[in-house]
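**Q** Mind looking over this structure? Questions follow.
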Amino acid sequence: GAGVSQSPSNKVTEKGKDVELRCDPISGHTALYWYRQRLGQGLEFLIYFQGNSAPDKSGLPSDRFSAERTGESVSTLTIQRTQQEDSAVYLCASSSNVATNEKLFFGSGTQLSVL
Amino acid sequence: AQSVAQPEDQVNVAEGNPLTVKCTYSVSGNPYLFWYVQYPNRGLQFLLKYITGDNLVKGSYGFEAEFNKSQTSFHLKKPSALVSDSALYFCAVRRLNTDKLIFGTGTRLQVFP
């Protein structure tokens, strides 16, 4: 596709339910990031996939959060037993050539609301 | 570990005046530094980056940033602000080109007509 695609764009869920967020990066991009942006706040790093290397999971806030990526394609971020503090915009980004510090392309995000 | 600080939550400037948005970083070794902008109801966009070479980097929309190693700073600047520059600006850093990219907390720039 032309850009990074995220789905759904909006998700409303009840506390305690599991949610799955999807990211389709730009074709050929080896690096993929997930960030969280709470209302009026900065970008919080969650997880980073780079090619076939082990993902950097150091930003995941708890064991309720997990993410997978199949090869260099789609990634899913799963939040189990959602809590109200999980409400935020979840942003995905991808980039092509990490070795030359190519820029990140961001998706429009998934707005998650936990009631 | 790397980190980046944006000491100002908000910067207000009159249209036509120069603007500066501050960023300081902490990283071992040589840093790779970036600025991104988030316009209202739009996604994050890349503005500019410093990898090596000239300390003054020019980017999109007339913005530039100056890398200062001794002060560990990478302030974003523009000689003459526009109302349309009003947005949320993020500084970011990585230590190695294979490292994750860490963002600051963001600075909201408000340009008044």
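**Q** Answer yes if at least one residue in segment A:91-107 is crowded, with 18+ Cβ neighbours inside 10 Å, in contact with a helix residue (DSSP H, G or I) (Cβ under 7 Å, 6 or more places away or on another chain), within 14 Å of another protein chain (Cβ to nearest Cβ) and farther than 19 Å from A:S7 by Cα, and no otherwise.
**A** There is no residue in segment A:91-107 that is crowded, with 18+ Cβ neighbours inside 10 Å, in contact with a helix residue (DSSP H, G or I) (Cβ under 7 Å, 6 or more places away or on another chain), within 14 Å of another protein chain (Cβ to nearest Cβ) and farther than 19 Å from A:S7 by Cα.
**Q** I'd like to check something: does segment B:43-63 contain any residue that is polar (S, T, N, Q) and away from chain A (no Cβ under 14 Å)?
**A** To start, the set of residues in segment B:43-63 that are polar (S, T, N, Q) comprises B:45, B:52, B:55, B:60.
Then drop every residue that is not away from chain A (no Cβ under 14 Å), which leaves B:55.
Yes, there is a match, as at least one residue in segment B:43-63 is polar (S, T, N, Q) and away from chain A (no Cβ under 14 Å).
**Q** Every residue in segment A:18-31 that is surrounded by 14 or more Cβ atoms within 10 Å (Cβ to Cβ) and part of a loop (DSSP other than H, G, I, E, B), please.
**A** Across segment A:18-31, the qualifying residues are A:P25, A:I26, A:H29, A:T30.
**Q** Still on this structure, please answer the following. Does B:N55 qualify as being out of contact with any Leu (no Cβ under 9 Å at 6 or more places or on another chain) and at pLDDT below 95? It would help to see each step written out before you state the result.
**A** Numbers: out of contact with any Leu (no Cβ under 9 Å at 6 or more places or on another chain): yes; at pLDDT below 95: yes.
Answer is yes for this residue.
**Q** While we're on this one: I'd like the full set of residues that are surrounded by fewer than 19 Cβ atoms within 10 Å (Cβ to Cβ) and either under 17 Å from A:Q6 (Cα atoms) or in contact (Cβ under 8 Å) with a residue 12 or more places away in the chain (or both), limited to segment A:70-84. Don't jump to the end; show me each part of the working.
**A** We begin by selecting, within segment A:70-84, every residue surrounded by fewer than 19 Cβ atoms within 10 Å (Cβ to Cβ); these are A:70-74, A:76, A:78, A:80-81, A:83-84.
Answer for segment A:70-84, where residues must be surrounded by fewer than 19 Cβ atoms within 10 Å (Cβ to Cβ) and either under 17 Å from A:Q6 (Cα atoms) or in contact (Cβ under 8 Å) with a residue 12 or more places away in the chain (or both): A:T70, A:E72, A:S73, A:V74, A:T76, A:T78, A:Q80, A:R81, A:Q83, A:Q84.
**Q** Only one residue in A:Q41, A:Q37, A:Q50 is in contact (Cβ under 8 Å) with a residue 40 or more places away in the chain, out of contact with any Phe, Trp or Tyr (no Cβ under 7 Å at 6 or more places or on another chain) and within 22 Å of A:V114 (Cα to Cα), so which one is that?
**A** A:Q37
**Q** Could you say which residue among B:L101, B:L96 is in contact (Cβ under 8 Å) with a residue 40 or more places away in the chain, within 11 Å of another protein chain (Cβ to nearest Cβ), over 15 Å from the mean Cα position of the chain (by Cα) and closer than 21 Å to A:G59 by Cα?
**A** Only one candidate passes the filter, namely B:L96.
The values are calculated or read from the model by the stated rules, or taken from the named source; none is laboratory data. Bear in mind that the values here come from a model prediction, so they are computed numbers and not experimental data. Ideal geometry is used to build each Cβ from the backbone, glycine not excepted, and the neighbour counts take in all protein chains shown.
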